[in-house]
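The values are calculated or read from the model by the stated rules, or taken from the named source; none is laboratory data. Computed from a prediction, not measured in an experiment: that's the story for all the values here. So basically every Cβ, Gly included, is an ideal-geometry build from the backbone, and we count neighbours across all protein chains shown. Accessible surface areas use protein heavy atoms only, side chains included; no ligands, DNA or RNA. Shrake-Rupley method; radii C 1.70, N 1.55, O 1.52, S 1.80 Å.
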Amino acid sequence: EGPGLGQPLSDEEIPFYARYVMPDGRGLPEGGGTAATGSAIYAEKCATCHGATGIEGPVMPPVGPNDIWAKPAGRYWPYATTLFDYIRRAMPLDAPKSLSDDEAYALAAFILAANGVIGEGDTMDAESLPKVEMPNRDNFLDVWAKQGATPW
Amino acid sequence: EGPGLGQPLSDEEIPFYARYVMPDGRGLPEGGGTAATGSAIYAEKCATCHGATGIEGPVMPPVGPNDIWAKPAGRYWPYATTLFDYIRRAMPLDAPKSLSDDEAYALAAFILAANGVIGEGDTMDAESLPKVEMPNRDNFLDVWAKQGATPW
Amino acid sequence: AGGGAALAGATMPRAARAQGAIPEWATVAGERARGYGMPAEAEAHVQRAILEPFADVAPQFSLSGTPHHRLRGTITPNGLHFEVHHGGRPNIDPERHRLMIHGLVERPLQFDLGALERYPMVTATHFLECSGNSLFNAIMPDPMQAGCDLLHGLLSNTEWTGIPMNVLLDEAGVKPEGRWLVATGGDGPSLARSIPVEKLMEDGMLALYQNGERIRPEQGYPMRLLLPGFEGNMNVKWLTSLWATDAPAHTKHESGEYTEILADGSSVKFTFAMGVKSVITHPSATMTMSGSGLYELSGIAWSGAGPIRKVEVSADGGASWAEAELQGPVLPRALTRFRLPWAWEGAPSLLMSRAEDATGAVQPTREAWKARYDASNFLHYNAIQAWQITANGEVQNVYA
Amino acid sequence: AGGGAALAGATMPRAARAQGAIPEWATVAGERARGYGMPAEAEAHVQRAILEPFADVAPQFSLSGTPHHRLRGTITPNGLHFEVHHGGRPNIDPERHRLMIHGLVERPLQFDLGALERYPMVTATHFLECSGNSLFNAIMPDPMQAGCDLLHGLLSNTEWTGIPMNVLLDEAGVKPEGRWLVATGGDGPSLARSIPVEKLMEDGMLALYQNGERIRPEQGYPMRLLLPGFEGNMNVKWLTSLWATDAPAHTKHESGEYTEILADGSSVKFTFAMGVKSVITHPSATMTMSGSGLYELSGIAWSGAGPIRKVEVSADGGASWAEAELQGPVLPRALTRFRLPWAWEGAPSLLMSRAEDATGAVQPTREAWKARYDASNFLHYNAIQAWQITANGEVQNVYA
Ligand code: HEC
Ligand code: HEC
Ligand SMILES: [Ca+2]
Ligand SMILES: [Ca+2]
Ligand SMILES: [Ca+2]
Ligand SMILES: [Ca+2]
Ligand SMILES: [Ca+2]
Ligand SMILES: [Ca+2]
Ligand SMILES: [Co+2]
Ligand SMILES: [Co+2]
């Protein structure tokens, strides 16, 4: 139906953010990090926007919940993989994609630990991150699966 | 059907250009002028745009016709009254409405005389202007009268 | 969850960080929001094509054509709506502007903007076309090589919102002998046109909004007359007066500039409605084909007499025709986009489009159109547009 | 023709030159034409209302609302289309931008703008609404007194032109196991959303043009995803990648920001389509009535599920309802303007509008809407808007 003008796309031409780490961990790179490492990076690169301990904000605090934000990323989100991917592609807001994979793992570990979802000493990596049992995981109704495009 | 918010409009509030001199002369004011008077005003206020004698242009020459403009105002237009009204409301382009009624009569006389439609010495005024027999007057088909909104 | 670095032999697929190049704009925070947007800088060339035929002495007399070859869809954005100015764009104070209705009426009335805001409104999408649109094709002995901005740009299509004229005229009470209304604008030359009362009562609109926002200065701010299907000049901008009369005033524009001389030397006047017409905009003159293969021919069709019924397209200079798809909704007196897939073989081709409206009217050939009129006439040109595609893909304006 | 000055006693009526005041703009030549127009200076206040909730640290996160109380009609002009930015407006080089289609496809492909220009296109008018639109009414304990820009402005309606997504996906050949496509934008944060393949194949569009011209930077220049009826965030701007997967990725936005917590503490995810909704824009909060008498109530209605079937209006707080007139053409998933004449007696009145869409869905009351959700939720708010008119004509936002 079209003129067929798409050009072949090779794997090396695809930037990492054109994919997303999947909830089961597919797409996670090598490397890893812990809350301790993450804590230092957080203080340097994240605290101005999200608060000293991650619960103060002003921007959607990833630790909580509290009166500012009912959906803290490190507790409300169903999958921990999302934390890694989102931080790596998008944060910090003024320098997105500047973090290394290790840094992103460490920051995910810091946020998860601050929410009490993992232990302070737990390393987050390609194997452990998808295994994190997010407390809210089974608390979502999938409206698309249930009723398609009909508004809920 | 509407809220009826129109305000009464009194005659003194209506500027002259909200009406138009009609082909039969209704609306023509007092005063008058001749081609001789008009010629001097034309040279001063009109020639830069319409040409030294009115046939050179560049802007739609009112005297003609010629290769520049097939529809010279002083010959092609069906009614001489239009000349007076248009000049008075619109010309010169950079100072519209600056002419007196006498000046507008004189300029109409100048243009008509230059087209050979009236004599050089003829005075144009409320009485004479509507009586000018424009050479092209009966040469128009009124398409609205003939077929309404159907494109010709 | 557990342990140190990723373990060798884990069943989980491991990905090295993908290597595709990251453009710089994906590595920085973007710009802050702005109150009123503008097109991208890279699109700064998408402008109206301005012609000032008397630039030295009267630059305020100008024609500014919509660049249809750079647009898709049917709506013209307000910033690119064509302009024809007889005395420039006036700078009107909306607080002091008023609309007067007087003459052969029971109650001479005036309306300011505040009052008009309370009136019932309607919304309708309509094209406006200057009756001088496509003038170069009408009169130039050899076809000019230019884009659709210069060739056919005195045509645009927007969504208008305003007050049905019959509501305002009924309030003033036009007397039975008031058969015409002379509409006057608030511009320097006080442009005036005589309008039949029937048209005003049927679908005339006092337009206040265009594509949702207040009409812009070059389109008549704060208000203009809209007469769907009628030649652009009658849709008086900056409307300030409607004067009811028993006969047309034969104003300047209806005496000379907007009358047409016919082949026999006689003229037609009060030629109000625009004829049926169409233009292929993609591809069109000044463009170059990007190699052989499948294209989508795309263009616009319109008629002052009602909705478009059909558009046919030929790629062989009129020997054979195929019916194009019309993009719905097909609205009366509005631009309708048509499209047709077409494989260019890389050989010379002669593209044409031929529109038919709901009254059955069909576009004439250029030859047939020229035969009706004096050689000097450039108004109401609605002949079939032909584009020649050369063997090396250049698209040229041709008479055929 | 004859004689000197006008003769006394001539039968011709004689008029002294009329005396009405002549505004200065009618006595000078106007401005020259310009290539791209802008609204009148007197309308400079008609802007998007910009909210930067984290202005001190992250001004690039912002919400900019369309000023619907200053607009009429149904089309939103491009300059006033709402924006929601999660990381600012990127400055993309259109020559280097490309759209990638990869993942579970037969042929991973990339398209640049030049290639896309050859593809078949469609044109359709659709609203976009942020699922956070009307958030203040959703969560504020007391109704905020603000205009429809702040209250309901994360909603706009334009004519989109672009390539049907199924044409591009078919070229790449999505595999049967490719049930979702993760759409990613070219902005700094690389915003990503998982889209069901069914929606993309049904009516998804790669939008390139908006109201005829190239999409503007804040709307996704040079291209965006359009998913008619789906929440704004999914209509990924600056679209650069569609990655076919077997399951949704649970991206950041579909994990937190655009999920809703219900009254029982559980949440709903993948709540895509926007519900039926309406707002009276004239009059609306921040306005003052200009005296008693006839008005035309005017507003907008829309639904993500299809065309609007009916809008009812009440002036007595819901005790009685009258059906408003719908401005045609009533298009699916597009704003529909409704209007109803109404005489304001000068007494306190409570105005409401209630829309019903073609599926039979009707707007809930605020109370019913609130009862479904956790107190913190401000997404997918589509309750009936009530405007209180006080005895002295002030129009106020109220919960009723
Ligand atoms: C200059 C401001 C700024 C800085 C610095 C910053 N962020 Fe953010 N962050 C934001 C904004 C704004 C958002 C919301 C973006 C959105 O809604 O799409 C956000 C969102 C997030 C979220 C998702 C919150 C949610 O509930 O949706 C996480 C997690 C996050 N940031 C982590 C980080 C980390 C980790 C860092 C440091 C490496 C960081 N941020 C640095 C501004 C910032
Ligand atoms: C600065 C330029 C300029 C000057 C000076 C000027 N004009 Fe004009 N004139 C124009 C323009 C431009 C038009 C065409 C306006 C239009 O098309 O509506 C015009 C149109 C006319 C026409 C109608 C021509 C036609 O065929 O439609 C007449 C008659 C005329 N002018 C007379 C005059 C007279 C008399 C004066 C001097 C008092 C004058 N003009 C001074 C620019 C000028
Ligand atoms: Ca649970
Ligand atoms: Ca004759
Ligand atoms: Ca006022
Ligand atoms: Ca009505
Ligand atoms: Ca290129
Ligand atoms: Ca097609
Ligand atoms: Co005409
Ligand atoms: Co949702």
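If only residues of segment C:78-90 that are facing chain D (nearest Cβ under 8 Å) and not small (Gly, Ala, Ser) are counted, the one that is most open to solvent (accessible area, probe 1.4 Å) is C:Arg89. Comparison of C:Leu208, C:Leu242, C:Leu225 shows that the only residue that is within 16 Å of ligand 5 (Cβ to nearest atom) and in a strand (DSSP E or B) is C:Leu208.
Suppose we filter segment C:359-389 for residues that are small (Gly, Ala, Ser) and not in a loop (DSSP other than H, G, I, E, B); how many remain? So the count comes out to 3. One residue stands out among those in segment D:325-341 that are in a strand (DSSP E or B), surrounded by fewer than 20 Cβ atoms within 10 Å (Cβ to Cβ) and facing another protein chain (nearest Cβ under 10 Å): the one that is nearest to ligand 9 (Cβ to nearest atom), which is D:Glu325. Take the conditions over 18 Å from C:Leu191 (Cα atoms) and not in a strand (DSSP E or B) and apply them to C:His45. Does it pass? Taking the combined requirement at face value, the residue satisfies it. Among the residues of segment D:254-299, those identified as in a strand (DSSP E or B), at negative phi and of a type outside the set (A, V, I, L, M) are D:Glu260, D:Ser267, D:Lys269, D:Lys277, D:Ser278, D:Thr281, D:His282, D:Thr288, D:Tyr295, D:Glu296, D:Ser298, D:Gly299.
Among the residues of segment C:108-126, those that are more than 18 Å from the chain's Cα centre (by Cα), more than 7 Å from every other protein chain (Cβ to nearest Cβ) and not hydrophobic (A, V, I, L, M, F, W, C) comprise C:Asp112, C:Glu117. Here B:Asp94 qualifies as more than 16 Å from ligand 7 (Cβ to nearest atom) and open to solvent by 50 Å² or more (accessible area, probe 1.4 Å). Only a single item in (1) surrounded by fewer than 22 Cβ atoms within 10 Å (Cβ to Cβ); (2) within 12 Å of chain D (Cβ to nearest Cβ); (3) polar (S, T, N, Q) is not met by A:Ser100, and it is number (2).
Here B:Val59, B:Val63 are screened, and the one residue that is of a type in the set (Val, Ile, Thr), under 16 Å from the mean Cα position of the chain (by Cα) and within 7 Å of another protein chain (Cβ to nearest Cβ) is B:Val59. Being open to solvent by 10 Å² or more (accessible area, probe 1.4 Å) and touching a residue at least 60 places away in the same chain (Cβ under 8 Å) is a condition met by at least one residue of segment C:306-318. The set of residues in segment D:300-321 being closer than 30 Å to D:Gly229 by Cα and part of a strand (DSSP E or B) consists of D:Ile300, D:Ala301, D:Trp302, D:Ile308, D:Arg309, D:Lys310, D:Val311, D:Glu312, D:Val313, D:Ser314. Taking segment C:172-201 as the range and being among the hydrophobic types (A, V, I, L, M, F, W, C), open to solvent by less than 10 Å² (accessible area, probe 1.4 Å) and outside any helix (DSSP H, G or I) as the test, the residues that pass are C:Leu181, C:Val182, C:Ala183, C:Ala192, C:Ile195.
Within segment A:30-44, one or more residues are touching an Asp or Glu at 6+ places or on another chain (Cβ under 6 Å), assigned to a loop (DSSP other than H, G, I, E, B), open to solvent by less than 50 Å² (accessible area, probe 1.4 Å) and not aliphatic (A, V, I, L, M). Of the residues examined, A:Val132 is one that is more than 16 Å from ligand 2 (Cβ to nearest atom), open to solvent by less than 30 Å² (accessible area, probe 1.4 Å) and farther than 22 Å from D:Asp264 by Cα. Taking the conditions exactly as written (out of contact with any Phe, Trp or Tyr (no Cβ under 6 Å at 6 or more places or on another chain), at pLDDT below 95 and in a loop (DSSP other than H, G, I, E, B)), does D:Ala55 satisfy them or not? No; evaluated as a whole, the condition is false for this residue.
If you go through segment C:311-325 one residue at a time, do you hit one that is modelled with pLDDT of 95 or more, under 19 Å from C:Asn137 (Cα atoms) and among the β-branched types (Val, Ile, Thr)? Within segment C:311-325, not a single residue is modelled with pLDDT of 95 or more, under 19 Å from C:Asn137 (Cα atoms) and among the β-branched types (Val, Ile, Thr).
Within segment D:251-294, the residues that satisfy the criterion of being open to solvent by 10 Å² or more (accessible area, probe 1.4 Å), free of Cβ contacts under 8 Å to residues at least 60 places away in the same chain and at the interface with chain A (Cβ under 10 Å from one of its Cβ atoms) are D:Glu257, D:Asp264, D:Ser266, D:Lys269.
Among the residues of segment C:101-133, those that are hydroxyl-bearing (Ser, Thr, Tyr) and part of a strand (DSSP E or B) comprise C:Thr123, C:Thr125.
Number of residues in segment B:118-152 that are more than 16 Å from ligand 9 (Cβ to nearest atom), in a strand (DSSP E or B) and of a type outside the set (S, T, N, Q) equals 2. Only a single item in (1) open to solvent by 30 Å² or more (accessible area, probe 1.4 Å); (2) under 22 Å from B:Pro96 (Cα atoms); (3) within 16 Å of ligand 2 (Cβ to nearest atom) is not met by B:Gly57, and it is number (1). Please determine whether any residue of segment B:20-36 is farther than 24 Å from C:Val182 by Cα, within 14 Å of chain C (Cβ to nearest Cβ) and touching a Ser or Thr at 6+ places or on another chain (Cβ under 9 Å). The answer is no, given that none of the residues of segment B:20-36 is farther than 24 Å from C:Val182 by Cα, within 14 Å of chain C (Cβ to nearest Cβ) and touching a Ser or Thr at 6+ places or on another chain (Cβ under 9 Å).
When residues of segment D:115-130 are filtered for being buried (at least 24 other Cβ atoms within 10 Å of the Cβ) and under 23 Å from D:Ala334 (Cβ atoms), how many remain? Residues in segment D:115-130 being buried (at least 24 other Cβ atoms within 10 Å of the Cβ) and under 23 Å from D:Ala334 (Cβ atoms): 6 in total.
Do the conditions hold for B:Ala47, that is, is it modelled with pLDDT of 95 or more, touching a strand residue (DSSP E or B) at 6+ places or on another chain (Cβ under 8 Å) and open to solvent by less than 40 Å² (accessible area, probe 1.4 Å)? Judged against the criteria, B:Ala47 is not a match.
One line per residue, one yes/no per condition, for (1) touching an Asp or Glu at 6+ places or on another chain (Cβ under 9 Å); (2) of a type in the set (S, T, N, Q); (3) farther than 24 Å from D:Glu177 by Cα:
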{"residue": "D:Thr251", "(1), (2), (3)": "yes, yes, no"}
{"residue": "D:Gly256", "(1), (2), (3)": "no, no, yes"}
{"residue": "D:Leu262", "(1), (2), (3)": "yes, no, yes"}
{"residue": "D:Thr271", "(1), (2), (3)": "yes, yes, no"}
{"residue": "D:Val279", "(1), (2), (3)": "no, no, yes"}
{"residue": "D:Met289", "(1), (2), (3)": "yes, no, yes"}
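Of C:Asp142, C:Asp112, C:Asp93, all but one fail to be of a type outside the set (A, V, I, L, M, F, W, C), farther than 25 Å from D:Ala26 by Cα and open to solvent by 10 Å² or more (accessible area, probe 1.4 Å); the exception is C:Asp142.
On inspection, C:Ala40 passes the criterion of being in contact with a helix residue (DSSP H, G or I) (Cβ under 7 Å, 6 or more places away or on another chain), open to solvent by less than 70 Å² (accessible area, probe 1.4 Å) and at pLDDT 95 or above.
Across segment D:1-37, the qualifying residues are those that are hydroxyl-bearing (Ser, Thr, Tyr) and at pLDDT 95 or above, and the one among them that is most open to solvent (accessible area, probe 1.4 Å) is D:Thr27.
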